[in-house]
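The structure's right below; bear with me while I get my questions together.
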Amino acid sequence: MAKRRALVFLHKQPYPPSDSTKFRVYHSVIEQLAEYQRDVFIVTWEKANPAASAQLRSNGQFECYSLPLWQVCLNILKRAFSLRPWQVEMLYDPAIEQRFRALAEEADVIYVHTLRLGRYLEKLPLSLRRKVILDLNDSIARHYVRGWRSYPLALRLPVLLEGIKFRRYERAMVKRFEHVTIVGEDDCAYVTAGTEHKRRPVVINTAVPSRQSYPAQLDAEGELNLYFLGNYRYFPNREGIEWFLGKIWPRLTAQIPRLRFYLIGDAPASLRRRFRALEGIEWTGFLPEEELEALLERMHIFISPVRIGAGIQGKIIEALFAGKPVIAAEEATLWVRHFPMLERLISRASDVPSWKGALEQILAHYDELCAELRSEQVRSFLECSFSIQSVGAHYRRLADAIIGRMPPAPQTTSTSAR
């Protein structure tokens, strides 16, 4: 019997899974649909990646359309006054739409990531819409409407307008599709606010690597090692790091001189130069897994100064898997309240006194917090809520529901401690 076919429609090449979005798509969706022939169809502004192409062809058919930058810009200019978001317009091409439609007809299940590809979905008949798993990932509208003031001055108005457009577009598209997924209860509430829905999007948490715990010995007189792990070319990460290093770090180290801050990941030279005079900072660059594990054994606390964004910060969950207490910027951690078991393990701060207070509180209970992070109860909760296997199981259930193999997935996967 021939395999069922799953068409995976993307706007980024998901391999190698080097950032959180690619990790989620590759490991939690593509790998988890192993019972299907997985045909991958990509429309992107990125140059074709030979490694990605070879890997994805091993699963089924593979097609990647890399639009030149001039065409992306022209699409935006031609439809500058469209009610659709510019990011929805920028990747559209009528010829590519015809090809996608032909592949959609042949597929049993269609996974689409994200609404940046929404223009290709608008004219699908009901028979094809029923095959679609529309993965919003985070709410782009919530990200922009909440965070537009943090963008550079010249971008604030365009970002706000894009957010308003996406708010309307997200809510309209959620009503059109039967199987919609989203990261986080807050984003789910946002895209359904003010509208009557027969069903809510299925909340599927972000997936992170299930790291082992790396306990670090705390010396009351020695260095206190803090760290951040992320892509510094991603604007919310860069904005948060610039704010923290510019506004918080100098005053914090003036009061606690033994602090050391390790910034792990690829960072632009301009960012490193800007803060080269700061004491106690170490830029490690990208680290292979073996070197990362060795460094984590010396790290005491994970710091996330990321202030804008939506969904759930996967980098925080990954740090908890690694057995590290967390201090994070208050503005982007509203989601923590939906996970009572994690609230004690994630301290939130907004200014110098609160960052200092959070550090002192963690240090006063450090061994106790680390023991709790290593406990079977917390490890089991993290695995159940955020592991690749747990997240992937929900995508498999949705796919199986579409082909009639089992009932639809439950409406939420957020698991609160009782």
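Residue separation times 0.36 nm, minus the C-alpha to C-alpha distance between E196 and E31: what's the value?
55.9 nm
Tally up the carbon and sulfur contribution to the accessible surface of the chain as a whole percent, 1.4 Å probe, everything protein left in place.
Ligands and nucleic acids excluded, carbon and sulfur reach 52 percent.
How would C188, C64 line up by accessible area, probe 1.4 Å, largest first?
These residues rank, largest area first, as C64, C188.
Between R57 and R276, how high is the FRET efficiency from 1/(1 + (r/R0)^6) when r is the Cβ-Cβ distance and R₀ = 35 Å? Nearest 0.05.
Once rounded, the FRET efficiency stands at 0.20.
Another one. Send over a whole-number figure in Å² for the accessible area per residue of the stretch 238-336, probe 1.4 Å.
Value for the stretch 238-336: 39 Å² per residue.
List the aspartates and glutamates whose alpha-carbon lies under 16 Å from that of K3, not counting same-chain residues fewer than 8 positions away?
E31, E35, D39, E105, E106, D108, D400
A follow-up question, please. Between rounded, prolate and oblate, where does the stretch 158-301 land on the alpha carbon gyration tensor, with a ≥ b ≥ c its root eigenvalues, rounded for a/c under 1.5, else prolate if a/b exceeds b/c?
prolate
Relative contact order for the chain: what is it in percent, counting Cα pairs under 8 Å that are at least 6 residues apart?
Normalised by residue count, the contact order of the chain is 16 percent.
While we're here: Give the aspartates and glutamates whose C-alpha is closer than 12 Å to that of K123, dropping any in the same chain fewer than 8 places away, or say none.
Filter leaves E97.
Now for a different question. With respect to the cross-link table entries K12/K47; K22/K165; K315/K356; K12/K165; K247/K356, which display a Cα-Cα separation exceeding 18 Å?
Distance filter (> 18 Å) returns K22/K165; K315/K356; K12/K165.
Quick check on the stretch 340-397: take the gyration tensor over C-alpha atoms, sort the square-rooted eigenvalues as a ≥ b ≥ c, and tell me if it's rounded (a/c under 1.5), prolate or oblate.
Oblate shape, in that a/c is at least 1.5 and b/c is the bigger or equal ratio.
For the stretch 176-211, which GluC sites (Glu not before Pro) are both in a DSSP coil and crowded by at most 15 other Cβ atoms within 10 Å?
Passing both the DSSP loop test and the Cβ count: E196.
Shape of the stretch 235-306 from its Cα gyration tensor (a ≥ b ≥ c, root eigenvalues): rounded if a/c is under 1.5, otherwise prolate when a/b > b/c, or oblate?
oblate
The values are calculated or read from the model by the stated rules, or taken from the named source; none is laboratory data. Values in this document were obtained by computation on a predicted structure and should not be read as measured data. Note that we place each Cβ from the backbone using ideal geometry, even for glycine, and neighbour counts take in every protein chain shown. These area figures cover heavy atoms from the full protein model, side chains too; ligands, DNA and RNA do not enter into them. Shrake-Rupley method; radii C 1.70, N 1.55, O 1.52, S 1.80 Å.
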